[in-house]
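Worksheet for the structure shown next.
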Amino acid sequence: MRSRLITLAVLSVLAAGGCSTMSNALDAINPFGSSGPKMSPLPPLTAGTEFTTRWSVSVPKAGNDMVFVPATVGDAVYAAAGKGVLEKFEGGKRVWKIDVGQPLSAGVGANDRLVVVGTPKGEVLAFSAEDGKPRWQARVNSEVLAPPTVGDEGVAVRSGDNSIFLFGLEDGTRKWVYQRSTPALSVRTTSAPIFADRFVFAGFPGGKIVAMSLQNGAPVWEGAVALPKGATVAPPVMEGSQLCAVAFQGRVACFDMAQGGSLIWSRDISSSVGLALDGRYLFVTDDQGIVYGLDRLSGSSLWKQDK
């Protein structure tokens, strides 16, 4: 009865205050109401550099909220789509196009000999880079969401449960699998592993980046990019002996692998889309859309673009 009386009293006050009071009250509940705060319009962006389109082609849609990325090997570009289409282009002209016979969920990974994609059922499908003919097929624990990583050392594949598999390049024979527990809360990741030196590096939910032995998959080193509170590490990058990674709800961190993986520097920047390195700079886009240019060696800010 007390709760009912309070509710009636609130309604009476709103009614007595008229439509204006009701509108203000609703706007207080809904910050996107008509009389709520207005966002400032974005300023016009003027291109400082002119780019010329060399060529452009259309490929089928990914579908089903999947994330596909093309693979480039020299002048060749490989692209895949959710319904099972896999294509090769050179100079904007299609070299070959195949239907793999089943839906795809990840791709593309490639080198000059092999093109690899993944499926929602955990199938790993490899094709000849020359003509698109099937080469081999393997299986992982669950759906493949990240593009396979193809190198001379083999094919590294992350499954949906964050296990890392290494398959032989020629015949798809499973060499090893690395598994670790996944936190109850984590971001669905499309972060691919990378090959570097004698290791396979991969980021994991819980804010960790791990170096696995290329020979047997044993964990050799582990670095913390963020506190284990739902953080997920995006794909790491490497320049020389410097390994860098960024985590969602975490930070950017760079490690010196020549010094046993010791931490060089870290900064509190949250991102789920990864970063890029060149000789001097580290570039990262945070979860608010701000682009940072950082000094690769010290982490100091060189510029920030928040437009």
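The values are calculated or read from the model by the stated rules, or taken from the named source; none is laboratory data. Since the model is a prediction, treat every value here as computed from it, not as a measurement. Cβ sites come from the backbone with ideal geometry, for glycine too, and all protein chains shown count toward neighbours. Ligands, DNA and RNA are excluded from the accessible area calculation, which covers all protein heavy atoms including side chains. Shrake-Rupley method; radii C 1.70, N 1.55, O 1.52, S 1.80 Å.
Can you pull out the GluC sites (Glu not before Pro) in the stretch 66-168 that DSSP calls coil and that have at most 15 other Cβ atoms within 10 Å?
Working: sites: 87, 90, 123, 130, 143, 153; in loops: 130, 143, 153.
Hits after loop and neighbour filter: 130.
Given a 1.4 Å probe and every protein chain left where it sits, what share in percent of the accessible area of the stretch 106-253 is carbon and sulfur? Before the final figure, lay out the partial values.
Numbers: 2740 of 5710 Å².
Carbon-and-sulfur percentage of accessible area, whole number: 48.
In the stretch 110-168, which trypsin sites (Lys or Arg not before Pro) are in a loop and have at most 16 other Cβ atoms within 10 Å, using DSSP for the loop call? Intermediate results must be reported in sequence, preceding the final value.
Details: sites: 113, 121, 135, 139, 158; in loops: 113, 121.
Those that pass, being in a loop and sparsely packed, are 113, 121.
Residue separation times 0.36 nm, minus the C-alpha to C-alpha distance between residue 42 and residue 295: what's the value? Spell out each step's value before the answer.
Values: separation 253, 0.36 × 253 = 91.08 nm, distance 2.82 nm.
In short, 88.3 nm is gained.
In square angstrom, what is the accessible area per residue of the stretch 108-234 with a 1.4 angstrom probe? Numbers along the way, then the final one.
Working: 5150 Å² over 127 residues.
On a per-residue basis, 41 Å².
Using Cα positions and a limit of under 16 Å, work out the lysines in reach of residue 208, with same-chain residues fewer than 8 apart set aside.
229
Sum up the charges of everything whose Cβ sits under 9 Å from the Cβ of residue 296, counting Lys and Arg as +1 and Asp and Glu as -1, but leave residue 296 out. List each step's numbers first, then the result.
Numbers: positive: 280; negative: 239, 278, 295.
Result for the local shell: -2.
Assuming R0 = 30 Å, what is the FRET efficiency of residue 281 and residue 54, from their Cβ-Cβ distance, to the nearest 0.05?
Values: r = 25 Å, r/R0 = 0.83.
That pair, residue 281 with residue 54, gives E of 0.75.
Need the list of lysines near residue 93 for cross-linking: C-alpha distance under 26 angstrom, and skip anything on the same chain fewer than eight residues off.
Partners found: 61, 83, 133.
Can you list the aspartates and glutamates whose alpha carbon sits under 15 Å from that of residue 175, skipping same-chain ones fewer than 8 residues off?
Qualifying aspartates and glutamates at Cα under 15 Å: 152, 153.
If you take every residue apart from residue 57 with its C-beta less than 13 Å away from the C-beta of residue 57, what net charge results, scoring Lys and Arg +1 and Asp and Glu -1? Write down the numbers at each step before the final one.
Working: positive: 54, 88, 93, 94, 97; negative: 87, 90.
Within the 13 Å Cβ shell, the charges total +3.
If r is the Cβ-Cβ distance from residue 215 to residue 302 and R0 is 41 Å, what FRET efficiency results, to the nearest 0.05?
Numbers: r = 39 Å, r/R0 = 0.95.
The computed FRET efficiency comes out at 0.55.
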